[in-house]
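A.B. asks: Quick one: the structure is below, and I'll ask about it shortly.
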Amino acid sequence: MNTNQTIQKIDTINDFKLDDTLKQKLAELEWRFQSNNFTELFAQISADTVTGIGMSWTSAFHPYAKYIDVIAKDAADELMNHLLAGTATHDKIILSCWDYELEKIQLLKQFQFKLFRKTYMETYEISTLLEQLEQEQSTQTFIPLLEILNEPTLEQNLFQLLKTNYEQTHLDNPVKDVSWQTWKEILVDDTPDFHLSFVAVEENNVTAYIFLHPITTDHYEIGWVGMKNPTNLLPILKQQLIELQRQGVKTVEFEIDTTNHMAWQFAAILQLEQKKSWNSYYL
């Protein structure tokens, strides 16, 4: 590190002059600074100007990990050392970045972080997806989420399965253990489409589900995807896309993790291997 640079633990960046290059890089984290949604904040200071930031935060839903980020013009290793000094109360340290942030990835390799997940976030035209799903057929009738919520046995069945699926796909960063009723609250609070979120049921047991969430009148998000046993989810998705198209919806967005083998069924039609990824590393 430049001898004229110092690392200071600070409470806010508002009292400091920021390097112009750093301002651009910090734009995505502005909400975290303004809401004080962080645990630690370290500033790399040179000639009264902040040239680098290291910060950490936690998640009540994933309580066993400490999340960090490092943004600096140079000497990011010093900021990383400060962030790693106070990690005794957490099982893992996690940092996520885009796959094209090569300097940050090199820093992570320097500190022996391991890649454990890639996340793909992409938007598609419904008409294009339906062309690719043309051969998918199903004689099964899918039940809207609204009807499931009016059947106590199926309701509990669904949210216990959702809980199990989520826990199994987040073994590298375990989730807090909460009841199936809490999982129901989480989903309902996320405003799903109760009519077009479909659930597959066989012999009075939930076997699969795909939740949909309206973003705008012509754009939806594909939410949680899950199943009890190996199941082809493409027919469910196809039927949902047909219904969305009938309602005038043009596009849908997906968020797919490589750790989720269920949602990964969509990888081929979404051509995810050709897309940029948000990569998560742990130590």
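A.B. asks: For the chain, which whole percent of the accessible surface, found with a 1.4 angstrom probe, sits on carbon and sulfur atoms?
C.D. replies: The computed percentage sits at 46.
A.B. asks: For Phe61 and Glu131, FRET efficiency with R0 = 25 Å and r from the beta-carbon atoms, rounded to 0.05?
C.D. replies: With R0 = 25 Å, the Cβ-Cβ based efficiency is 0.10.
A.B. asks: Let me ask you something else. Taking just the C-alpha trace of segment 168-283, give me its Rg and Dmax in Å.
C.D. replies: Computed over the Cα atoms of segment 168-283, radius of gyration and Dmax are 15.1, 47 Å.
A.B. asks: Related question: As a test of understanding, state the convex hull volume per residue of the chain from its alpha carbons, in Å³.
C.D. replies: 145
A.B. asks: Further question on the same structure: What distance in nm separates the two pseudo spin-label positions at Gln112 and Thr217, each 7 Å out from Cα along the beta-carbon direction?
C.D. replies: For the pair Gln112/Thr217, the computed spacing is 5.7 nm.
A.B. asks: Regarding segment 1-95, what's the average projected area of the Cα-atom convex hull, expressed in nm²?
C.D. replies: 6.0
A.B. asks: Could you check which residue among Leu161, Leu18, Leu83 shows the biggest mean-square fluctuation in a GNM of the chain with a 10 Å Cα cutoff?
C.D. replies: Leu18
A.B. asks: Okay, next question. Stretched out fully, how many nm does the piece from Ala47 to Tyr100 gain, at 0.36 nm a residue minus the Cα gap?
C.D. replies: The Ala47-Tyr100 span can extend by a further 16.0 nm.
A.B. asks: Which length gain, in nm to one decimal place, applies between Gln271 and Leu29 when the Cα-Cα distance is subtracted from 0.36 nm times their residue separation?
C.D. replies: So the extension gain works out to 84.2 nm.
A.B. asks: Report the Stokes-Einstein translational diffusion coefficient (µm² s⁻¹, integer) for segment 221-283, Rh taken as the Kirkwood radius over Cα pairs, at 20 °C with viscosity 1.002 mPa s.
C.D. replies: Reported coefficient: 161 µm²/s.
A.B. asks: Which angle from 0 to 90°, rounded to the nearest 10, does the C-alpha axis of helix 234-246 make with the longest principal axis of the chain?
C.D. replies: Roughly 90 degrees between the two axes.
A.B. asks: If the cut-off is a Cα-Cα distance under 18 Å, which lysines reach Lys114, setting aside same-chain residues fewer than 8 apart in sequence?
C.D. replies: Within the straight-line cut-off, Lys114 pairs with Lys66, Lys92, Lys104.
A.B. asks: Here's a follow-up. In debye, nearest 20, what is the charge dipole magnitude of segment 95-193 about its Cα centre with +1 on Lys and Arg Cβ and -1 on Asp and Glu Cβ, if you could check?
C.D. replies: 700
A.B. asks: So what is the accessible area of segment 123-174 per residue, in Å², with the probe set to 1.4 Å?
C.D. replies: 57
A.B. asks: Quick check: the distance between the Cα centres of segment 210-283 and segment 1-46, to the nearest angstrom?
C.D. replies: Segment 210-283 and segment 1-46 have Cα centres spaced 36 Å from each other.
A.B. asks: If you take every residue apart from Met55 with its C-beta less than 13 Å away from the C-beta of Met55, what net charge results, scoring Lys and Arg +1 and Asp and Glu -1?
C.D. replies: Result for the neighbourhood of Met55: -1.
The values are calculated or read from the model by the stated rules, or taken from the named source; none is laboratory data. These numbers come from a predicted model, not from an experiment. With ideal geometry, Cβ positions are generated from the backbone for all residues, glycine too; neighbour counts draw on all protein chains shown. Surface areas here come from the heavy atoms of the whole protein model, side chains and all, with no ligands, DNA or RNA. Shrake-Rupley method; radii C 1.70, N 1.55, O 1.52, S 1.80 Å.
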